[in-house]
1. Relative to the other copies, what are the label-point distances for B:Leu105, with labels 7 Å from Cα along the C-beta vector, expressed in nm at one decimal and sorted shortest first?
2. Compute the Kirkwood hydrodynamic radius of the range B:79-228, taking the inverse of the mean of 1/r over all pairs of distinct Cα atoms, and give it in Å to one decimal.
3. Between A:Lys542 and A:Ile360, what is 0.36 nm times their sequence separation minus the Cα-Cα distance? Round to one decimal in nm.
4. Under a crude label model (7 Å from the Cα following the beta-carbon direction), how far is A:Ser288 from B:Lys293 in nanometres?
5. For labels at B:Phe14 and B:Val367 in the simple 7 Å Cα→Cβ model, what's the distance in nm?
6. Give the Debye-formula value of log10 I(q)/I(0) at each listed q (0.17, 0.18 Å⁻¹), with one equal scatterer per alpha carbon of the range A:524-566, two decimals each.
7. At a probe of 1.4 Å, how much accessible area disappears from chains B and A on forming the pair, both sides counted, to the nearest 100 Å²?
8. Between B:Lys530 and B:His662, what is the FRET efficiency for a Förster distance of 56 Å, r being their Cβ-Cβ separation, to the nearest 0.05?
Protein chains: 2
Amino acid sequence: MDFSSFLTSLGTSFAIFVVLMLMFTWLSRKQGNAVVYYPNRILKGMDPWEGRSGERNPFAWIQEAINSSEQDVVNMSGIDTAVYFVFLGTAVGILVLASLVLLPLLLPVADSDPGETASNGTFNELDRLSMGHVQPGSQRLWAFVFATYWVSLVTYYLLWNAYVHVSDLRAAALMAPIVRPEQFAVIVKDIPTLPQDQTRKEQVDTFFKEIYPDTFYRSMIVTDNKQVNKIWEELEGYRKKLAHAEAVYAKSRSGSSPERTRPTCRTGLLGLLGEKVDAIDHYHGKISELITKLEAEQKVTVREKQQSSALVFFSSRLTAASAAQNLHSRIVDTWNVMEAPEPRQIIWSNLPKSFYERQIQQYVVYVIVFLTIVFYMIPIGFVSAFTTLSNLMKLLPFIKPVVEENSIRTVLEAYLPQLALIIFLALLPKFLLFLSITEGICTESHAIRAASGKYFYFSVFNVFIGVTLGGTLFSTFKTIEKDPNFIVPLLASSLPGNATFFLTYVALKFFVGYGLELSRMIPLIIYHLKRKYVCKTEAELKEAWAPGDLGYGTRIPADMLILTIVLCYSVIAPIIIPFGVIYFALGWLVLRNQALKVLVPSYESYGKFWPHIYTRMMAALILFQLTMFGYFGVKEFYYTPLLIPLPICSLIFAYICKQKFHQFFQNTALEVVRHEVKDLPNMEHIYRSFIPPSLASDKLDDDQFDDAMSQTSRPGSSV
Amino acid sequence: MDFSSFLTSLGTSFAIFVVLMLMFTWLSRKQGNAVVYYPNRILKGMDPWEGRSGERNPFAWIQEAINSSEQDVVNMSGIDTAVYFVFLGTAVGILVLASLVLLPLLLPVADSDPGETASNGTFNELDRLSMGHVQPGSQRLWAFVFATYWVSLVTYYLLWNAYVHVSDLRAAALMAPIVRPEQFAVIVKDIPTLPQDQTRKEQVDTFFKEIYPDTFYRSMIVTDNKQVNKIWEELEGYRKKLAHAEAVYAKSRSGSSPERTRPTCRTGLLGLLGEKVDAIDHYHGKISELITKLEAEQKVTVREKQQSSALVFFSSRLTAASAAQNLHSRIVDTWNVMEAPEPRQIIWSNLPKSFYERQIQQYVVYVIVFLTIVFYMIPIGFVSAFTTLSNLMKLLPFIKPVVEENSIRTVLEAYLPQLALIIFLALLPKFLLFLSITEGICTESHAIRAASGKYFYFSVFNVFIGVTLGGTLFSTFKTIEKDPNFIVPLLASSLPGNATFFLTYVALKFFVGYGLELSRMIPLIIYHLKRKYVCKTEAELKEAWAPGDLGYGTRIPADMLILTIVLCYSVIAPIIIPFGVIYFALGWLVLRNQALKVLVPSYESYGKFWPHIYTRMMAALILFQLTMFGYFGVKEFYYTPLLIPLPICSLIFAYICKQKFHQFFQNTALEVVRHEVKDLPNMEHIYRSFIPPSLASDKLDDDQFDDAMSQTSRPGSSV
């Protein structure tokens, strides 16, 4: 890829971004679009245009994003989002500090080198500025050694600060004198087999009352809710349909005909076949039928489908935090206690899984993920090798006339390889999330973290190594056949050539991606279509503009991949750094806007994502250091061993950070929760907030429910 | 080494053992030796000859050892000793179960093989019974494959049972409704810098009172006791000397001269030089001088030498157990809390070491140990290669005439190589214990465990691999030069030849070692010499017969080495198994006697040694499985890969055991301590028991001491 196609790609991407940003400015001012552009504010009961109704400045959102404080983000979007901004800020910081030294130092050094231009005429304008241009064994490489150390040191410094900062954020949130139900509860797993003369509830209550006599409040046995959930969902579906039908009926009067027409529906498959009946009556009938069924099933569930897992509530959050850290049973496969997450993010179906089940499933999943990472490498390598234009021309000579048209050629060259990559990667996250839930993880946030980790390793291995290798594989296949030990130098020597490829990838990604994110074109269109043709009730409308969350599961691995690429190329082709800075700075701006006004987090894990981010940043740094070591070797630099201390330092640094900070992200330090909340918490309220919606019926009398919880349970159904 | 020299060695060892045992029977009956043969009973205030004064049976001690229950051992010697017997019992069990199948199966299979006798005439009677005698590729090797699986399965089964049993033992001990001071205390390390307006004591008290308001009792700040300990030791020394001088003076009257002669001493170096003065007066002066000095130093220490570490006492052992498991500070390098050990085994000087100090020291020690293990290999290899008789004759031809004398030759051949080895190994344990204490470990039992672990790895690497390799290295040096990949098959093929070497080593070790242990010849002689010539006072006598403890630091690694050797050779040369059985069974018998009557444990760690023993047993098993894999490869057995599942199974088994049981050996499960002790514990007594003897003066008023503890401390003196 030459310089002009790169500029074309960059220009096109930037133009798309500008257009999308202008559309955002225009569209977000329309009253009717408020629910698309300000849902977070609306859901929090705030005025969407608070304090700037008359403004005409199209960049007002940028000003607002920059002026917003971290506390604003915490208030509007929670700790997790604030932590994500710490990550973005750290990435920008690392790259800016790196570029301050690298750009003025390395670009002139590389450019002024007599270099390999004589021997290899294909070096273009960009490649002249890279380390690949410096002659092997040249004394100029000292500058690059210094640069490698500088980037590493900057990363250590900023990562350390970020870790301290995130730890403070988490502590402040956990310390706040607000009643958070999850701070008063713990999850108990692997309850041993029920003794003959006790109910499950008695067993749990006895055990915890004895150990925490003063602060134990009550327990809730986890039940097998599969059946009751199914009925409840069906019931909710009919309720929605009834509301819809009633809305249609109400509207029909206001139309041309004076008499209202009652909507009809068919009873058969998917409402398409079968007898045609009056919809409202039909739904009413279905609902009352299902309510009876649900109530019966609720009773059965609560009494007879108790599992070997429970939630235990304490009247003190100090006790709950302490209980979650203590070893309760001397055999670890019984009475496992862990911190309770928010009620909304509990994965109920995983709670009763036994210790061994979880262990085995976890390892099976690891093996599957490993196989996926390793064996997808081959197709990706081939795809990226095939989809360079010159390869395509070699293989499909008949497209030659089309491609030789200069404008088409430039556009194709710019986008073709990356598009295949992006589409390919879009298929994966769901699969990885599914695998992570299969592991037996009990919290949604944890499952997303696990999926995100898998996705990151997948990305790095397949995209980065796969493309770098695959791109050169095709042309140098014969060399490899001769010498199988050639792969490491091959990897390193093919790096500068691929730098421009990744540059284009990054540019495409940030301009188009963030443009779409900011303008919310797709949610906007869907919302308006739904509003016009589908939605009849308020609830349906609200569902249509539900903003969703930041989507950490795919967003963070994608960011991490960019960071890894930029870090790895930062010294080899320093020109990539400004693009990295733009990517993360633009991301910071756009997402700040989204976090403050649009997106609503679907859970809160109090920054537990940070250690994962941190680990991956360290992995990226170490990969960078190893790449540099290999690349200096290729450049036949005599003092290459001077780089050996770097990965060792990184490992030590990572170890110290882990030792020092990590435990607090796994457990709640008692120091943090030692001050109890101001008012005595309403324990009944906390308890109720954990009852799954399918079991929390108004009809079901409270006392009856509690009673049922402690009535006979059949030992056979447990374990 | 041929068969006759082996028999000579065995016979000599056995004869020594019988002689020693008879001497034990004879000597232990003498009233005057009671303090040497029954010190544990005497110290516990029991009658040494309880219930069998008139007996004449020389094997009575065997009967008593066999009839004693585990509870007896726990009562007399504590949980750690009982756990050690579980280990011995498990080792015997594994070897007996293995031999039941291996001896009748493998010996005939090996013996009846036409074998390599034709090609190699040097096979002797013992080697005929080993796997080395079976022809390569023979179908007879199937029996050995089966045997390998059998040994592994037996080990899994018995180890699992043993782990459950030890876990029960530990739980029972911790659960007992007896007041154990260490169950009510925790050690707090890494207390952060002192705020300006607080004393250290206030700081600690505030922190823990807030978190444990109901059960916090009080705290004790750790002080730098170096100075005060020195004075105290000096004072104790003079007190002993005074008592000695007074005893001498009292005795002098009863002699021939009617007037008492006052003992004299010299004031100079070591009591040898300087002015001659009256001893009693001199010591009295010194003592009163030192008491003043000690009191002054105690005040200074308590007020001004406070460190960043403390002991905190709770009135509930449940709270103490929970506190030791909780994360107290969100930054891990402050407020680290751990379970308190018994007062007598605290290593005070390590308590104030900071988090980073400990980390760094630990890694420095690991590096030193690694270097020790690797670089001692070379000398040991050479020593064992040189000290075979034929090698010595080659190198030192002038000893030939002596050696060719048949009787001398046999004895030399039997003992020469092993003696060098044993002497060599005796130098190490002290060094390793010193290293372990340098790591920053706070408990004596933990330091001994760490030293024992290092010693085990040292033994296995150096003795086992070193000797096996070294012994053949000398003769096959040229083969190695030709092909450096030859080492693994070399190791495996040299195994059977060394089997007899190890057999002799084991035989020597157990008969002579246990004979000395049982007869206590050395302590007996020392005691009688001291009683006659040195000791004048009761205290001095008591010191002279102080029995010491089992010495786990060297005993367990030695046992583990034997077990490793026997396991590794169990299938290759099954004839070794009976010797292993005798070693462990004899050890069980002799040490049972010692535990019940002689040795007094110097600490109690409630079985925390077990996970270490278990890990090493698993390591031995895996080494055995790998050796077999290599050896079958050498035997050109086509189905060798059938052995691959074994090490994998072992790793899974080890992982499951670790997951399931190990945590309870690190922390106290709350389930175990949920029942508080019967009577309210005397907290003042518990608190006092942790005051180091050099600070616990009678003269120092109690209140004053407490007061001093909470008086001003200078922030400067604390880290």
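1. Taking the point 7 Å beyond Cα along Cα→Cβ, the inter-copy spacings are 6.7 nm.
2. 21.9 Å
3. 61.3 nm
4. Placing both labels 7 Å along Cα→Cβ, they lie 10.1 nm apart.
5. Distance between label points: 5.2 nm.
6. The Debye formula, applied to the Cα set alone, gives -0.59, -0.61.
7. Answer for the B-A pair: about 3400 Å² buried.
8. Efficiency computed from Cβ-Cβ geometry: 0.80.
The values are calculated or read from the model by the stated rules, or taken from the named source; none is laboratory data. All values reported here derive from a predicted model rather than from experimental measurement. FYI the Cβ positions are ideal-geometry reconstructions off the backbone, even for glycines, and counts take in every protein chain you see. For accessibility, only protein heavy atoms count, side chains too; no ligands or nucleic acids. Shrake-Rupley method; radii C 1.70, N 1.55, O 1.52, S 1.80 Å.
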